Amino acid sequence: MDAALRWTIADLEVMPKVEGRRYEIIDGELYMSTQPHYHHQLTCNNVSFQLMSWDIKARIGQTVNAPGIIFADDDNVAPDVSWCSFKRLKDILRDDGKLHGAPELVIEVLSPGSTNELRDGKAKLKLYSRRGVEEYWILDWWSGRAEIYRRRFRQLRLVETLFKQDALTSPLLPGFTCRVADLFDYPSIELPETETPASKNTNGNNSKRKNQNGSTHK
């Protein structure tokens, strides 16, 4: 990208703040995303729950949703979920509340659409590989697929593609395991029945009939 056209953090600071809109800069290029799909957020919650449940037992790191990561003025993102060891966290967490370096594990939940696929599958993969992320998960809630990238020969490479019937483990997380299905399965929602004006009238008529028959009088 032309140096004159590169976006930086300074550009974001003067942009209007719009609720539900997220800006990220990758290699000087601006990426904007809007409020994601409900199931996208549920998947983020599921991933965080699995990792945080393991964190409580392992006590070697922390899971955080959408942390701000500033690699450089023209490289700053907010991944859906990240995991960072306490040892590395001491070095990269600064007073501004942002991470100024790569957490070991980054997770992006893919939203439908070619633009999102290119951002998470190419631009962010290249960024995280260049900046030192050890492991990168791309979770596709639409198809129930998990792509797992790990650092091989100084860059992130696809090592396995998992589906709902598979188990997910990681060399970064000793003893961690979960079913891929647990990342994507959501409890069914049963909405309570609502009274309509017609049903209210019917119930009222039934009460009147009972009163006339004397069956409800004390």
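Observations, loosely collected:
- If you filter the range 44-59 down to residues that are aliphatic (A, V, I, L, M) and closer than 16 Å to Tyr136 by Cα, you find that the one that is nearest to the chain's Cα centre (by Cα) is Val47.
- Residue within the range 29-40 that is at pLDDT 95 or above, assigned to a helix (DSSP H, G or I), out of contact with any Leu (no Cβ under 9 Å at 6 or more places or on another chain) and not β-branched (Val, Ile, Thr) present: no
- Of all residues in the range 135-165, those satisfying the criterion of being surrounded by fewer than 15 Cβ atoms within 10 Å (Cβ to Cβ) and among the charged types (D, E, K, R) are Arg152, Arg154, Arg157, Glu160.
- Residues that are in contact with a Cys (Cβ under 9 Å, 6 or more places away or on another chain) and assigned to a helix (DSSP H, G or I), drawn from the range 54-84: Trp54
- Every residue from the range 148-167 that is under 24 Å from Asp185 (Cα atoms) and touching a residue at least 24 places away in the same chain (Cβ under 8 Å): Tyr149
- Taken over the range 1-44, the criterion of being hydroxyl-bearing (Ser, Thr, Tyr) and in contact (Cβ under 8 Å) with a residue 24 or more places away in the chain is satisfied by Thr8, Tyr31, Ser33, Thr43.
- Condition check for Asn116: within 23 Å of Gln35 (Cα to Cα), part of a helix (DSSP H, G or I) and touching a residue at least 24 places away in the same chain (Cβ under 8 Å): yes
- Residue count for the range 62-74, restricted to those that are over 16 Å from Arg94 (Cα atoms), modelled with pLDDT of 95 or more and more than 18 Å from the chain's Cα centre (by Cα): 0.
- With respect to (1) of a type in the set (Val, Ile, Thr); (2) out of contact with any strand residue (DSSP E or B) (no Cβ under 8 Å at 6 or more places or on another chain); (3) touching a residue at least 12 places away in the same chain (Cβ under 8 Å), the lone exception for Ile107 is condition (2).
- Sub-8 Å Cβ pairs linking a first residue in the range 92-104 that is over 15 Å from Gly132 (Cα atoms) to a second residue that is in a loop (DSSP other than H, G, I, E, B), at least 6 apart or interchain, are Leu93/His100; Arg94/His100; Gly97/Gly68; Lys98/Pro67; Lys98/Gly68, ordered by first then second residue.
Here is a yes/no grid of residues against (1) within 18 Å of the chain's Cα centre (by Cα); (2) under 21 Å from Ser53 (Cβ atoms); (3) not in a loop (DSSP other than H, G, I, E, B):
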residue: Trp142; (1), (2), (3): yes, no, no
residue: Arg151; (1), (2), (3): no, no, yes
residue: Glu160; (1), (2), (3): no, no, yes
residue: Leu168; (1), (2), (3): yes, yes, yes
residue: Pro174; (1), (2), (3): no, yes, no
residue: Leu183; (1), (2), (3): yes, yes, yes
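- Against the test of being more than 21 Å from Leu127 (Cα to Cα) and charged (D, E, K, R), the options Arg59, Arg22 yield a single qualifying residue, Arg59.
Condition check ((1) touching a strand residue (DSSP E or B) at 6+ places or on another chain (Cβ under 9 Å); (2) under 21 Å from Arg179 (Cβ atoms); (3) surrounded by 19 or more Cβ atoms within 10 Å (Cβ to Cβ); (4) acidic (Asp, Glu)) across all residues:
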{"residue": "Thr63", "(1), (2), (3), (4)": "yes, yes, yes, no"}
{"residue": "Ala66", "(1), (2), (3), (4)": "yes, no, no, no"}
{"residue": "Ile69", "(1), (2), (3), (4)": "yes, no, yes, no"}
{"residue": "Cys84", "(1), (2), (3), (4)": "yes, no, yes, no"}
{"residue": "Leu89", "(1), (2), (3), (4)": "yes, no, no, no"}
{"residue": "Lys98", "(1), (2), (3), (4)": "yes, no, no, no"}
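The values are calculated or read from the model by the stated rules, or taken from the named source; none is laboratory data. Because the structure is predicted, anything quoted here is derived from the model rather than measured. With ideal geometry, Cβ positions are generated from the backbone for all residues, glycine too; neighbour counts draw on all protein chains shown.
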